[in-house]
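Here the structure is laid out as structure tokens; the discussion comes afterwards.
The values are calculated or read from the model by the stated rules, or taken from the named source; none is laboratory data. Note that the coordinates shown come from a computational prediction; the quantities given were computed from them, not determined experimentally. Glycine gets a Cβ as well: all are built from the backbone with ideal geometry, and neighbour counts include every protein chain shown.
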Amino acid sequence: MDKIGKYTIQETLGKGSMGLVYKALDPDIDRTVAIKVVHFDSAGGGQDEENLRLRFMQEAKAAGRLCHPNIIAIYDIGREDGYLYIVMQYIEGKNLQQLLSAGRTFTPLETLNIIVPLCRALDFAHQNGVIHRDVKPGNIILDRSGQPFLADFGVAKLAQVNLTRSGLVFGTPGYISPEQFMGEKIDGRSDLFSLGVMLYVMLTGQEPFARRGMELTTIMKRILTAVPDAPSRLRPETPRGFDVILNKALAKKPDKRYQTGQELALALEMMTEEAGSTLLVRLDDRLKPAARAKPDSRKFLTMASFATVIILTAVAAFMFLPRLFKDKGVFSQPPAESAEVQAQTGEELKPNTAPTPPEQGADQSASSQSQDKTSSQLSAAGQSSEPAAGPPPEAQPKTPEQAEVRSESKTGGQNAEARRTKTLALNALSRRDILGLLERQRLAEVEKDLPALLQDYGSTDLVRQKRDEATLLFNYYDQILSVHSNISLAWPSAGKVEVRFGRLLTAVYKKTGERKVLADSVQVWILEKKSQGWKIIQVRGQ
């Protein structure tokens, strides 16, 4: 074949889903084009041939409506000698499947540079009522600069027209969505599933569901039921954030996936080659357009002020109530703080021995005074005060501080009450320091103060993780609002405290100017008392 219509054939490019594809020249404007030709000899004539013609015309009509920088443009359509042809934009390059088959690998950053534009191309097509239905590497053309183009709307479906017979499945098996396999009604989310499969292939070098030589029924079963391995498990150098994105993109139910190509693009843009922050991916799962109303900043400030007043009132109560209530047993000491205060006052604790309660300490002090009196009486009578048998004598104090404590234990219940008051005072001071740490962290997020944000973390791994998360947060968002609520403290052991609080984080996404809810959850932080103050040693989110 030398000519098709007015177009001069130069070479055969390959075989598409609906026929042969040629490289040709448009003589009128001296432009190189690609021409897809469909022969109907194998259609069997009759209704099958007519259906094939209608599908071909459908492709031209669907793709001709789409004008996007990452979608192959349609120039012309014609009919000649029993076959139809469609004239398209010619892209000098190779399709993605040819590169993958040749062993070409892609870094996470290169993958993003290909997938993100395709997300937006599909989003544009879906908004115009067009579903591709056959998204796969073979239909992605990369030009010499690496720019991707979406080709072959050969099985595209107009939203207003349904030419698909019941039970007929179009597409490539390993990339077909579950609902497409089941013959159910599909929409743009089916294309996003197929794009998720392609993302998985580019990151790992293998398909998530299909293998070479696998039967179609087996592929279908795996797509409907199997959960593929996480990309970071197959290739440890892959940022873990991709695991989270693909877990959602490859969900079996359409309503569990990303709902639009734009939403998937936003999630992917959070990723970089160096750091795939799980936190920000989790936060991006909440970035659903119009899902939440824009928060009123005055409401958050009022809540923060009210919480501050309550906190200050509680601290004052812990510091001054002991002076008003002198009855024994009114206040109980947290075990960890009690041990900490005893260590600070020089009181010696035997290993595996619990601290003595205040009431018991007072009784022991009175008993000690009685024994001293009896001992002095026996000495006056010329008798030894030491028993013939019994426990060894109490060790002599080794330091002045221990001697002072020993002396205080003999003066009665007043010193026990003083120690209890001191315990409560130190407890209140610890609460004040911990609440101050939380407020410092909150303000550091709002003011984008990275050094202040990192100074309260007590391990290198936590500092590194927080630095990566904060850097991405500060780079992509402005006008950050952070609110802490329902703060509670518990001391699981000496020198450690568990802080539980509600965290609401909102910010304005720089690219769209929309305020997003980035976090709305319960946080649990474990803090440990260090020489330089309290430090965060573990962070958990619910």
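Some points to look at:
- Only one of the listed residues (22, 7) is of a type in the set (Ser, Thr, Tyr), over 47 Å from the mean Cα position of the chain (by Cα) and modelled with pLDDT of 80 or more. That residue is 7.
Residues checked against (1) touching a residue at least 12 places away in the same chain (Cβ under 8 Å); (2) out of contact with any Asp or Glu (no Cβ under 6 Å at 6 or more places or on another chain); (3) charged (D, E, K, R):
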| site | (1), (2), (3) |
| --- | --- |
| 501 | yes, yes, no |
| 504 | yes, no, no |
| 516 | yes, yes, yes |
| 519 | yes, yes, no |
| 532 | no, yes, no |
| 539 | yes, yes, no |
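- Test result for residue 152, more than 34 Å from the chain's Cα centre (by Cα), farther than 21 Å from residue 199 by Cβ, of a type in the set (Asp, Glu) and at pLDDT below 90: no
- Filtered residues of region 194-245 (kept if among the hydroxyl-bearing types (Ser, Thr, Tyr) and either assigned to a helix (DSSP H, G or I) or outside the structural domain of residue 132 (by TED's automatic domain parsing) (or both)): 194, 200, 204, 217, 218, 225, 232
- Test for residue 146: is it at positive phi and touching a helix residue (DSSP H, G or I) at 6+ places or on another chain (Cβ under 7 Å): yes
- Residues that are at pLDDT below 70 and in contact with a Gly (Cβ under 7 Å, 6 or more places away or on another chain), drawn from region 29-71: 39, 40, 59
- For region 241-274, a residue qualifies if it is modelled with pLDDT under 90, surrounded by fewer than 18 Cβ atoms within 10 Å (Cβ to Cβ) and either in contact with a Gly (Cβ under 8 Å, 6 or more places away or on another chain) or not hydroxyl-bearing (Ser, Thr, Tyr) (or both), and the qualifying residues are 269, 273, 274.
- Only residues that are modelled with pLDDT of 90 or more, not β-branched (Val, Ile, Thr) and not in a strand (DSSP E or B) were counted across region 72-97, and they come to 4.
- Within the span defined as region 417-431, one or more residues are charged (D, E, K, R), in contact with a Phe, Trp or Tyr (Cβ under 9 Å, 6 or more places away or on another chain), part of a helix (DSSP H, G or I) and at pLDDT 65 or above.
- Condition met for residue 216 (modelled with pLDDT of 90 or more and of a type outside the set (Gly, Ala, Ser)): no
- Condition broken by residue 461, with the remaining ones in (1) assigned to a helix (DSSP H, G or I); (2) modelled with pLDDT of 90 or more satisfied: (2)
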